Amino acid sequence: MDGNNGEETGMIGRLNHVAIAVPDLEAAARLYREVLGAEVSEAVAQPEHGVVTVFVTLANTKIELLGVYGEESPIARFLERNPSGGIHHICLEVDDIAAARDRLVRQGARVLGDGAPKIGAHGKPVLFLHPKDFMGTLIELEEA
Ligand code: CO
């Protein structure tokens, strides 16, 4: 990737959340609520994304606990490789997701899927960038 081709800086905004894939969502939610004393949401199934999500709200960001939903869950393979769970992706905010995508593609980054933003867990457009282009980290972009 060519990260220095004269593009302006300032595209990336706040850290929206860090997502952790977990083998037992109920146990994970209990751990954050009871051991860490955090504000923890109810579990919400996201059939179109193949996950069940629980959000932990912190003062400055959120943690998204991800459990498996259905046979085609995108986190099933991750959990095979990381049976006790682990950090799955980070989510960064952008003002304009289509402009961010076009800029990243111009710079050689690969967008997962068909490249079209999908509606994510917060009802806002999201897309994912290939972890091989970002030092092994899966990055979700969410329109702020
Ligand atoms: Co996410």
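The values are calculated or read from the model by the stated rules, or taken from the named source; none is laboratory data. Just so you know, these numbers come straight off a predicted model, no measurement behind them. With ideal geometry, Cβ positions are generated from the backbone for all residues, glycine too; neighbour counts draw on all protein chains shown.
Observations
- Candidates 83, 117 - the one that is more than 16 Å from the ligand (Cβ to nearest atom) and touching a residue at least 12 places away in the same chain (Cβ under 8 Å): 83
- Those residues of the range 23-49 which are surrounded by 14 or more Cβ atoms within 10 Å (Cβ to Cβ) and of a type in the set (Gly, Ala, Ser), in sequence order: 28, 29, 38, 41, 43
- Residue 123 of a type outside the set (Asp, Glu) and more than 14 Å from the ligand (Cβ to nearest atom): no
- Lone qualifier among 56, 68, 52 - being within 16 Å of the ligand (Cβ to nearest atom), at pLDDT 95 or above, surrounded by 12 or more Cβ atoms within 10 Å (Cβ to Cβ) and more than 14 Å from the chain's Cα centre (by Cα): 68
- Residue selected from the range 9-51 under the condition in a helix (DSSP H, G or I) and touching a residue at least 12 places away in the same chain (Cβ under 8 Å), by the criterion nearest to residue 141 (Cα to Cα): 49
- If the condition is being within 17 Å of residue 87 (Cα to Cα) and in contact with a Phe, Trp or Tyr (Cβ under 9 Å, 6 or more places away or on another chain), then the range 16-48 contributes 17, 21.
- Any hit, the range 93-106, residues being farther than 19 Å from residue 130 by Cα and in contact with a helix residue (DSSP H, G or I) (Cβ under 6 Å, 6 or more places away or on another chain): no
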